[in-house]
Amino acid sequence: MKDKDKEPRAVAADSLPPPSSAVASSVKRMAEEAVLGFLEKNDEIKDSGDFAAEKGISHEEIVNVIKSLNGFRFVDAQDIKKERWQLTAEGKTYAANGSPEFQLFMAVPADGISRAALQKKLGDSVFKIGCQQAIKNKWAEMGKSQVSRKVAHVDDNVKDMLVKINNGEALNQEDIDALKRRKLISPQVWKGYSVKKGPNYAPKRRKPATDLIRENLQSGEWKELQFKEYNFLAKGFPIEGGSLHPLLKVRRQMQMIFLQMGFEEMPTNNYVESSFWNFDALFQPQQHPARDSHDTFFLKEPSTTKMLPEDYVERVKQIHESGGHGSRGYGYDWKREEANKNLLRTHTTAVSSRMLYALAKKPFEAKRYYSIDRVFRNEAVDRTHLAEFHQIEGLICDRGLSLGDLQGVLHDFFSRLGMSKLRFKPAYNPYTEPSMEIFGYHEGLKKWVEVGNSGMFRPEMLLPMGLPEDVTVIAWGLSLERPTMILYGIDNIRDLFGHKVDLGLIKSNPICRIGI
Ligand code: FB9
């Protein structure tokens with residue numbers, strides 16, 4: 001018995017690695033020479049399919065060559081279509097293992113077998129179909145529990161027909177219809193070409209010249225040179241221009257809204273902040289849960305801030321420990337070293353505290369400030385939360401502002417975001433009282449969306465800064481990521497921000513159409 005594995009096994013074309021470009025182009029050249037060579041001696045290639053089979057070249061390769069030669073009018077190709085049948089997945093299994101009715105018949109011993117045993121032997125689907133067909137063919141007797149043969153011998157015509165189909169052999173219409181009814185075959189349109197010589201026919205294709213060069217002129221060969229047609233429709237190389245990340249497009253839109261509303265941007269170029277400006281200045285008590293490393297990234301190096309305005313720090317210490325200006329404070333022992341700790345800012349409100357303190361040092365003038373930049377929170381990452389996001393914050397500092405003013409400016413701001421219907425829900429922030437969560441009705445999503453938080457900065461925050469008694473500050477905040485995810489229909493924040501972003505989205509994302 002010849003040793004099986006030494007035989008070079010015939011491997012299926014699609015299991016081979018794609019031919020390297022060199023092989024590909026040599027196969028292409030071979031196919032081209034085959035077509036042009038054949039037409040040198042013959043008027044026509046009647047059927048590219050037969051021609052491919054004859055030449056032992058894949059029909060696909062022949063078709064590619066015919067299309068290209070036709071493009072350069074080396075040949076004149078006419079479509080020919082043939083409808084033929086191919087086996088369905090079920091048809092393929094029967095062609096391989098025999099029709100279910102034949103499998104059933106073969107599984108019934110001469111003295112019969114129980115239905116249950118037979119079903120176990122054949123499996124549910126073969127048993128079910130096998131029974132139907134075997135009864136129809138009067139091959140077997142299906143008693144209540146017993147199955148027995150009605151004939152001694154049967155032929156598996158169905159399998160034979162399926163094999164014929166597979167080999168591209170023709171069957172009579174009746175058999176085709178029977179197999180079609182059993183969904184064992186499905187129609188397949190075969191496309192090929194008949195080919196004749198074209199106006200530019202030549203036995204060998206010389207690459208058409210793409211340029212007229214001095215040598216062509218000197219040698220006079222320009223006379224018989226074939227020049228490649230100019231393809232004025234050719235798409236030039238795509239100009240790879242820079243493209244803005246969706247977040248930056250929405251940021252720019254948000255900036256436009258703030259500038260149109262008369263706000264000026266606060267400098268946010270310091271991710272590292274002291275606990276003092278990020279928390280203490282905002283009257284956030286030192287034992288507040290947000291101030292421990294579970295929520296906040298504290299710095300190992302430099303671990304403490306170098307410089308704080310001592311007089312102001314003293315007043316903050318006061319207000320935390322024993323209150324003032326009518327507040328009884330928190331009544332705990334405020335620690336300087338806690339305020340000195342450096343961290344990655346958890347909100348851009350840390351910048352607002354610096355700006356309001358700076359404002360307090362000058363003769364008072366009303367101000368509208370906004371900030372849009374990164375903040376960091378040691379939070380569990382999920383579909384809408386990363387350890388960092390961009391916070392958008394707006395504040396108005398003026399005399400005698402009320403909660404009504406806040407709601408008014410929120411209506412103005414969010415209506416420019418396309419959300420004119422707002423609802424406010426009482427909330428709590430350590431640094432604002434009263435505080436409100438903001439909900440907006442999103443026409444596109446047809447639902448109410450939480451769009452941010454807001455409040456009036458507490459006097460315990462503003463007065464120690466030195467701002468006049470009657471100055472109040474209304475403020476609100478939201479993220480940049482949420483509106484961007486909604487506007488660009490991005491479901492998972494990891495698709496928007498971070499190393500997993502697919503650049504395709506960056507290159508092909510549409511312009512940002514906020515508010516309209
Ligand atoms: O952005 C948020 N939602 C939002 C905003 C706009 C938007 O636009 C639509 C397309 C047109 C859609 C959605 N939120 C705030 C709401 C929620 O996403 C919330 O679950 C998550 N929030 C972040 C914080 O998460 C811990 C968003 C982020 C946020 C929340 C509050 C503030 C800032 C950012 C604040 C504040 C504040 C309060 C008072 C004074 C000063 C600042």
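Structural remarks
- Long-range neighbours under 6 Å by Cβ, at least six apart or interchain, first residue under 17 Å from Val313 (Cα atoms) and assigned to a helix (DSSP H, G or I) within region 452-464, second at pLDDT below 95 and more than 9 Å from the ligand (Cβ to nearest atom): Pro459/His325; Leu463/His325
- Residue in region 401-415 that is closer than 13 Å to Gly452 by Cα, within 33 Å of the chain's Cα centre (by Cα), of a type outside the set (Asp, Glu) and part of a loop (DSSP other than H, G, I, E, B) present: no
- Enumeration of residues in region 201-213 that are touching a strand residue (DSSP E or B) at 6+ places or on another chain (Cβ under 9 Å), surrounded by 14 or more Cβ atoms within 10 Å (Cβ to Cβ) and in contact (Cβ under 8 Å) with a residue 60 or more places away in the chain: Tyr201
- Single residue of region 381-400 satisfying the filter (in a loop (DSSP other than H, G, I, E, B) and within 27 Å of His442 (Cα to Cα)) that is most open to solvent (accessible area, probe 1.4 Å): Arg383
- Whichever residue in region 321-365 is among the polar types (S, T, N, Q) and within 14 Å of the ligand (Cβ to nearest atom) and, among such residues, is farthest from the chain's Cα centre (by Cα): Ser353
- Helices (runs of 4 or more DSSP H) contained in region 101-191 and holding at least 3 residues more than 30 Å from Phe51 (Cα to Cα): 115-122, 124-136, 173-181
- If you go through region 215-239 and pick out every residue that is basic (Lys, Arg) and under 52 Å from the mean Cα position of the chain (by Cα), you end up with 2.
- Some residue of region 297-304 being open to solvent by 50 Å² or more (accessible area, probe 1.4 Å), in a loop (DSSP other than H, G, I, E, B), touching a strand residue (DSSP E or B) at 6+ places or on another chain (Cβ under 8 Å) and within 16 Å of the ligand (Cβ to nearest atom): yes
- Residue within region 284-296 that is hydrophobic (A, V, I, L, M, F, W, C), at pLDDT 95 or above and surrounded by 14 or more Cβ atoms within 10 Å (Cβ to Cβ) present: no
- For Arg368: the one exception among (1) closer than 13 Å to Trp476 by Cα; (2) more than 9 Å from the ligand (Cβ to nearest atom); (3) in contact with a Ser or Thr (Cβ under 7 Å, 6 or more places away or on another chain): (3)
The values are calculated or read from the model by the stated rules, or taken from the named source; none is laboratory data. If you're wondering where the values come from, they're calculated on a predicted model, not measured in any experiment. All Cβ positions, glycine included, derive from the backbone under ideal geometry; neighbour counts span all protein chains shown. Note: areas computed on protein heavy atoms with side chains; ligands, DNA, RNA excluded. Shrake-Rupley method; radii C 1.70, N 1.55, O 1.52, S 1.80 Å.
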